[in-house]
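A short worksheet on the structure shown next.
Derivation of every value follows stated rules applied to the coordinates shown; laboratory data play no part. Note that this is a predicted model, so its numbers are computed, not measured. Every residue, glycine among them, receives a Cβ derived from its backbone with ideal geometry; neighbour counts consider all protein chains shown.
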């Protein structure tokens, strides 16, 4: 059983909103704008923003594709977590960064919905964190199954939004909220 995190201090975790990830993502401009709005909301309410940046064989560290999308800028005082797996907790310093801020509730946004966002959401819940998925601030690309069938990206987004409102973990909360509905001030007091 997971250790339940005490308190209600929030941290915003922004996952993989990188050029090479977002270039083929569904509704990317709208999602990026919603991520940016959520980042500004967190900053305005002194909620820590933790940036998670993926690298692998296709997304080489330091390459143009690996960089944050131009409209998002990480501040020098904000933590960056580098990862090589879908779950942002695996073989990274994310738990240490959350502990440094005494965070017990993760607000999650970014990409890719069906891979890194899903894995990070479940990883957070498995580790005892409360979770709010920003329902209009995550995306992915369409998935070609290679047999003439295609799963539209929008379906992955809808599926994860629904899952995060129905999941039940003992001692933890999981929910969704739109970028404009996130209330950092009241929750982090």
Please arrange 22, 61 by how many other C-beta atoms lie within 10 Å of their C-beta, fewest to most.
61, 22
Return, ordered by residue number, the residues of region 2-24 whose backbone nitrogen is under 20 Å from a label point located 7 Å along Cα→Cβ of residue 144.
20-24
Between helix 28-44 and the chain: long-axis angle, C-alpha atoms, 0 to 90°, nearest 10
20
Using alpha carbon centroids, what distance separates region 21-63 and region 138-177, in Å?
18
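Suppose we keep just the DSSP beta bridges with both residues in the chain; what percent of those would be antiparallel, to 5? Write out the running numbers ahead of the final one.
Details: 4 of 29 bridges.
Roughly 15 percent of the DSSP beta bridges within the chain come out antiparallel.
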As a check on your grasp of the helix formula, calculate [θ] at 222 nm for the chain: sum -39500 (n - 2.57) over DSSP H runs of n ≥ 4, divide by the residue count, round to the nearest 500.
-8500 deg cm²/dmol
Mean separation of Cα contacts under 8 Å (6+ apart) over length of the chain, as relative contact order %:
29
In terms of the Cα gyration tensor, with a ≥ b ≥ c the square roots of its eigenvalues, is region 29-76 rounded because a/c is under 1.5, prolate because a/b exceeds b/c, or oblate?
prolate
